[in-house]
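Written below as structure tokens is the structure these notes are about.
What follows is calculated from the coordinates using simple rules that are stated; it is not laboratory data. Bear in mind the structure is a predicted one, so any value in this text is a computation, not a measurement. Don't worry about glycine lacking a Cβ; one is built from the backbone with ideal geometry, like all the others, and counts go over all protein chains shown.
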Amino acid sequence: MSSAKLRCAVIGSGFAGTTFAEAIRYVPEARLVAIAGGHQAPEVAARHGVRAVATDDVERLIESDDDVDAVLIASPNPLHAPQAIRAAGAGKHILVEKPMGMDVAECRAMIDAANAAEVTLMPGHMHRYRRTETAVKLMLQRGTIGRVDMASITLTEPDETTWLNTPANGGYLLGSGIHAIDLLRFWLGDIQEVTALTGRYRGVEVENGSQLLMVFASGTHALMQNSVIPRLSRPKAGSGVARFSAELTGETGVISVDMYGEVRLSTETDWQFQTAMPVWDGHYALLRMEAFANMAREFVHASLEHRRPFITAEDGMTAVAVVQAAHQAATERRWVPISAVL
């Protein structure tokens, strides 16, 4: 690895942008140099002792700033692809918040641009680094419950007053439910086909609730539910209003995981505790930052070492493909192979 530090700029100063900026602090081989875009950029930049870049100057930073080696894109969803493609053209490495793009075509264009420029392109699927989800992966690799026959996963958002309500951002399945899709792929492998029901509940203009049935290449079947419960304030993570949990049924037992709480393994007599997440205590809680810091570290190392990252651009594109196939399936009321949209 080069002894030089990777000079990073965060594009966006909202929920994800402030998280990315904090995560870079935990990577010794990187240095945060700028926060670009969004009305909070001056405040976030001051907090980290770096320069703020106005929204009108973001494109200049991406395309021509020689003091920046990498961009961490946390801008609105429709900007992910154009900003990433411009950054690749300028020779900058790219970490892009999920979803990687609005559709498969955008994702493929991003991959082509990164490959042509020989820069790192990594999507921000940070749940692959969260302690509970990693524990499930290790248990499956050890064969703890044998081959998984069925899985179910539920992701409930606490409100419908956020940017996800904006139709241009693509809806909740793309903006949030994609976490659950990527986790299922992380645990169980490739998804072959999907069918779905989606809804626009309580007069919301975008899809804000969905149920997916998926068949995996391994033969495993999975059910996914992504829904929204209206709230005016954000409740505690792990509550019934902010919920992310899963159960995996295998040949010899069941793994139950609360992404905000415990991982448990069924036995012949009871449930056996395996591991748990630390206490949630706000935006920069260890519960969140542990995963984001590990993701940022992998991005920086992959960029400096000129190698494929643990979470590949193809992972990001495939997750988007499942969303695209699910929307098609819901519209046409049929099963859609993922290969049909990839």
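General observations
- A simple rule links phi to the HN-Hα coupling: the Karplus curve 6.51 cos²θ - 1.76 cosθ + 1.60 with θ = phi - 60°, which for the stretch 329-342 gives 4, 5, 5, 9, 6, 7, 7, 10, x, 5, 4, 6, 10, 7 Hz, with x for Gly and Pro.
- Value of [θ]222 nm, deg cm²/dmol, for the chain, DSSP H segments ≥ 4, -39500 (n - 2.57) each, nearest 500: -10500 deg cm²/dmol
- As an equivalent ellipsoid, the stretch 6-125 spans semi-axes of 21, 15, 13 angstrom, where each value is the square root of five times an eigenvalue of the C-alpha gyration tensor, largest first.
- Net lengthening on full extension, A276/R47 (0.36 nm per residue, minus Cα-Cα): 79.3 nm
- Sorting the Cα pairs of the stretch 267-342 by distance into bins of 10 Å, from 0 upward, gives 15, 22, 24, 31, 8 percent per bin.
- Inter-label distance, nm, simple model (7 Å from Cα along the C-beta direction), H221/E251: 1.9
- Fewest-first sequence of T132, T195 by Cβ atoms within 10 Å of each Cβ: T195, T132
- Applying D = kT/(6 pi eta Rh) to the stretch 211-342, where Rh is the Kirkwood radius over alpha-carbon pairs, T corresponds to 4 °C and eta to 1.567 mPa s, the Stokes-Einstein value obtained is 71 µm²/s.
- Length added when fully stretched, D66-W163, from 0.36 nm per residue minus Cα-Cα: 31.7 nm
- With Cα atoms, 0 to 90° folded angle of helix 104-117 axis to the chain main axis: 50
- Three-way shape call for the stretch 6-72 based on the alpha-carbon gyration tensor, with the a/c threshold at 1.5: oblate
- Expressed to the nearest 5 percent, the antiparallel share of DSSP beta bridges inside the chain is 55 percent.
- Candidates R288, R130, R200, ranked by Gaussian network fluctuation over the chain, Cα under 10 Å, top entry: R200
- Between T154 and R25, residue separation times 0.36 nm minus the direct Cα-Cα distance comes to 43.3 nm.
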